[in-house]
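The structure under discussion appears below in the form of structure tokens.
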């Protein structure tokens, strides 16, 4: 057992790395934009929303500039929804890979989660740089807080994606409901509202939802101390552990049906 741990981790990394290369080639091909489309897709969505809101919204909302408010919220929401969309049928679409003894269901899910996270992160950086060049936003006031908030969003998104993926494998009805559920995330994701916008009586209830904590951490890092934010990293991390553990259990149980077929 003690000897397998150091040798096992690099081997798992090599398997996931190979699957990532295969996924990129399969999904985006060898010609054209290729991997760049992984970045370009969320980038186009975010820039499109920013442009639309620029024409229909005032430049400030509750004393906060519109550009960075939309960027921090919409990129977080895109990460959530892309993780769900990429993983919901990941195992069904790649069941043939399970004939290889070294490839396990969680390798396939980890591959898609890491690819979507890489694409969303690169898109976030590009949009941030554009807004920085347009003087719509300043450099983050707390880089560590920004990284922690973004990684918490990854953890929450991967946990939700794994949970939805496992339930979808167990129930065709649930698989059909995933599209609706991903839209239902919009009002509770914290993407287009901050806790401080809500009346005090609603704030405590709203903060029972884990997603706004990660988004508010990102916004606290971007906006600085002069914008009121509310978050509890420990509470969000607890939900990361609960949802990812639940997702792994569901995937492990549900994948046995596919492995037998």
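The values are calculated or read from the model by the stated rules, or taken from the named source; none is laboratory data. Fair warning: this is a prediction, and the values are worked out from it, not measured in the lab. Glycine also receives a Cβ, built like all others from the backbone with ideal geometry; neighbour counts cover every protein chain displayed.
Descriptive notes on the structure:
- Any chance residue 27 is surrounded by 11 or more Cβ atoms within 10 Å (Cβ to Cβ) and at pLDDT below 75: yes
- Of all residues in region 146-154, at least one satisfies being loosely packed, with under 15 Cβ neighbours inside 10 Å and outside any loop (DSSP other than H, G, I, E, B).
- Residue within region 93-101 that is surrounded by fewer than 22 Cβ atoms within 10 Å (Cβ to Cβ) and closer than 30 Å to residue 128 by Cβ present: no
- Flag: residue 111 matches the condition of being assigned to a helix (DSSP H, G or I) and over 13 Å from the mean Cα position of the chain (by Cα).
- Selection status of residue 112, buried (at least 24 other Cβ atoms within 10 Å of the Cβ) and in contact (Cβ under 8 Å) with a residue 24 or more places away in the chain: yes
- Enumerated helices (runs of 4 or more DSSP H) restricted to region 167-261, each holding at least 3 residues that are surrounded by 14 or more Cβ atoms within 10 Å (Cβ to Cβ) and in contact with a helix residue (DSSP H, G or I) (Cβ under 8 Å, 6 or more places away or on another chain): 172-188, 211-223, 233-260
- The listed residues are 132, 139, and the only one of them that is free of Cβ contacts under 8 Å to residues at least 60 places away in the same chain, in a loop (DSSP other than H, G, I, E, B) and either farther than 22 Å from residue 189 by Cα or touching a strand residue (DSSP E or B) at 6+ places or on another chain (Cβ under 8 Å) (or both) turns out to be 139.
- Condition check for residue 44: modelled with pLDDT of 70 or more, surrounded by fewer than 19 Cβ atoms within 10 Å (Cβ to Cβ) and under 18 Å from the mean Cα position of the chain (by Cα): yes
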